[in-house]
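The values are calculated or read from the model by the stated rules, or taken from the named source; none is laboratory data. As the structure is a prediction and not an experimental result, all values here were calculated from the model. A quick note on method: Cβ atoms are made from the backbone with ideal geometry, for glycine too, and the neighbour counts reach across all protein chains shown. Calculation scope for accessible area: heavy atoms of the full protein, side chains included, ligands and nucleic acids excluded. Shrake-Rupley method; radii C 1.70, N 1.55, O 1.52, S 1.80 Å.
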Amino acid sequence: MSEAKIKCEICGEEVHSIPSHLKAAHHEESASPMTLAEYRSNYPEAPIISEYAERLSREARERKAKEAEGSVEPETASVATGHADVSRVNFHEAFRFGKSMKSAFTKAGAPIPVSRDNRSDEYDYLVPEWSENYILNPELTKTVIMGLELRSPIFLYGHSGVGKSSIFKQICAGTNRRLFRFQHTVDTEESHIVGQWVVKKHIDVHGNAISVTEFELGPLPLAMMNGWVYLADEIDRSSPTVLSAYQAILKGEPLVIKNAPPSMRMIKPHPLFTFAATGNTNGTGDQSGLYQATLVQDAATIERFGIVAMVDYPPEKQEIAMISAATGLHPDEAKKIRKFADEIRTKAFPTNVSLTLGPRVAINMARIGMMKGDFVEGVTYAYANRLPEGERQAAIGIAKRIFSGAA
């Protein structure tokens, strides 16, 4: 079968998947927005997916069905990298680093090849949108992509709002990886992660509604079976007992669901499956007093992560660019927002104020300040009003000094 592509009836571009193309080129903010439903309605005779992509999708489904039956072993990682589902793309191109960004290349100046997921199937919606407003740090990006390439569990921790989850979203967007983000809370139970028995309504052959008890797989086994990046977000907010369910997976072993029916009891990881996690702490507990919802974690769980990295505040130029890109604020004014944030982080916290701030809050300050025509008000509404009164006045005082004369 040839690898011929199909033509987009809107712009004429030749692609393998119309749903993926619409998402990338004809989204709601593009010059020619169109949903898949609208495309089908406007061009009822036009194909949606190429024969080549359809064949790859069918083969993947057949392979998963055989693996679920236990009749075949999943492909090894070495086979996967040479499989039609995976191609190679240059690091600097995937993550849109300019050629002048030396850290996006090898020390010898050569491009760095990374894997790209070429699949196009019903799970395309799990591929995050690329954000022009989030600017990746090349060194941290190389660390995370290394984990994805090695299929090594990755744990990023740091203050709220520094972009821990956004890093995974942007990297998955750049490499077409599917990302499933599972939010952890103190109420998270093992069944929420691996699956549970549920009662579902069915219609029998006579047209009568009947109740049937079925086992419904949770997000972790689905991610393992389908080769997604599973992001265990805010992992340090859950009970260490619950997180023990991850221990075998973190070692690269199959997931065993003890309460599942025999056909679902053992889930083997797909070659493209990767486990990732974020937290405000590194599992040893909160030393700052800011994250009281976090819990001390079992060292046996944390030590199974192949990569543990702290995410700090972005470098000055990167954060200024992020603020400017997200808000349209002139870089000179964005620099003052960064200056305020930096003074809070490095001088005022924790002596004069009990709360620090990340890029997310800095962007909110800029947005509100632009709409109000007063960046001191931006600081007040996005940051200072969350502080005790004495600290609030101290933060506003810093803002008045920095933004004096600012529009």
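Return the residues of region 34-84 that are of a type in the set (Lys, Arg) and either modelled with pLDDT of 75 or more or surrounded by fewer than 15 Cβ atoms within 10 Å (Cβ to Cβ) (or both); say none if nothing qualifies. Outline the logic, then answer.
Within region 34-84, the first condition is being of a type in the set (Lys, Arg), and the residues that meet it are 40, 55, 58, 61, 63-64, 66.
If the condition is that a residue be of a type in the set (Lys, Arg) and either modelled with pLDDT of 75 or more or surrounded by fewer than 15 Cβ atoms within 10 Å (Cβ to Cβ) (or both), then Arg40, Arg55, Arg58, Arg61, Arg63, Lys66 are the ones that fit.
How about region 198-234: which of its residues are open to solvent by less than 40 Å² (accessible area, probe 1.4 Å) and either of a type in the set (Phe, Trp, Tyr) or farther than 23 Å from Ser120 by Cα (or both)? Break it down stepwise before answering.
The initial filter retains those residues of region 198-234 that are open to solvent by less than 40 Å² (accessible area, probe 1.4 Å), namely 198, 215, 217-221, 223-224, 226-234.
Listed by number, the residues that qualify are Val198, Phe215, Trp228, Tyr230, Ala232, Asp233, Glu234.
Condition first: among the small types (Gly, Ala, Ser), surrounded by fewer than 13 Cβ atoms within 10 Å (Cβ to Cβ) and farther than 17 Å from Glu54 by Cβ. Now tell me which residues in region 1-33 satisfy that.
Initial filter on region 1-33 (among the small types (Gly, Ala, Ser)): 2, 4, 12, 17, 20, 24-25, 30-32.
With the extra rule that they be surrounded by fewer than 13 Cβ atoms within 10 Å (Cβ to Cβ), the set shrinks to 2, 4, 12, 31-32.
The answer is Gly12, Ala31, Ser32.
Per-residue answers, yes or no, for (1) of a type in the set (A, V, I, L, M, F, W, C); (2) open to solvent by less than 20 Å² (accessible area, probe 1.4 Å); (3) in contact (Cβ under 8 Å) with a residue 40 or more places away in the chain:
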site: Arg338; (1), (2), (3): no, no, no
site: Ala341; (1), (2), (3): yes, yes, no
site: Met370; (1), (2), (3): yes, no, yes
site: Phe375; (1), (2), (3): yes, yes, yes
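From the list Gly174, Gly195, which residue is crowded, with 21+ Cβ neighbours inside 10 Å, within 13 Å of the chain's Cα centre (by Cα) and in contact (Cβ under 8 Å) with a residue 12 or more places away in the chain? Before you say what the answer is, go through the steps one by one.
Numbers: Gly195 fails: within 13 Å of the chain's Cα centre (by Cα).
The unique qualifying residue is Gly174.
Please determine, by comparing only the residues of region 305-327 that are open to solvent by 60 Å² or more (accessible area, probe 1.4 Å), not acidic (Asp, Glu) and not in a helix (DSSP H, G or I), which one is nearest to Gly373 (Cα to Cα). Walk me through it before giving the result.
Narrowing region 305-327 to residues open to solvent by 60 Å² or more (accessible area, probe 1.4 Å): 308, 310, 312, 315-317.
Next cut, not acidic (Asp, Glu) only: 308, 310, 315, 317.
Filter once more, keeping what is not in a helix (DSSP H, G or I): 308, 310, 315.
On the way: Val308: 42, Met310: 36, Pro315: 27 Å.
Ranking the qualifying residues of region 305-327, first place goes to Pro315.
Within region 244-263, identify whether any single residue is closer than 28 Å to Cys172 by Cα, out of contact with any strand residue (DSSP E or B) (no Cβ under 9 Å at 6 or more places or on another chain) and part of a helix (DSSP H, G or I), and answer yes or no.
Among the residues of region 244-263, at least one is closer than 28 Å to Cys172 by Cα, out of contact with any strand residue (DSSP E or B) (no Cβ under 9 Å at 6 or more places or on another chain) and part of a helix (DSSP H, G or I), which makes the answer yes.
Starting from region 301-319, keep only residues that are touching a residue at least 40 places away in the same chain (Cβ under 8 Å), then list their pairs with residues that are surrounded by fewer than 18 Cβ atoms within 10 Å (Cβ to Cβ) and part of a strand (DSSP E or B) whose Cβ atoms are within a distance under 9 Å, requiring at least 6 positions of separation or different chains.
From residues that are touching a residue at least 40 places away in the same chain (Cβ under 8 Å), the pairs are Ile302/Val308.
Here are Arg392, Arg360, Arg401: which of them is under 26 Å from the mean Cα position of the chain (by Cα), surrounded by fewer than 21 Cβ atoms within 10 Å (Cβ to Cβ), assigned to a helix (DSSP H, G or I) and among the basic types (Lys, Arg)? Let's see the steps before the verdict.
Working: Arg392 fails: under 26 Å from the mean Cα position of the chain (by Cα); Arg401 fails: under 26 Å from the mean Cα position of the chain (by Cα).
On inspection, the qualifying residue turns out to be Arg360.
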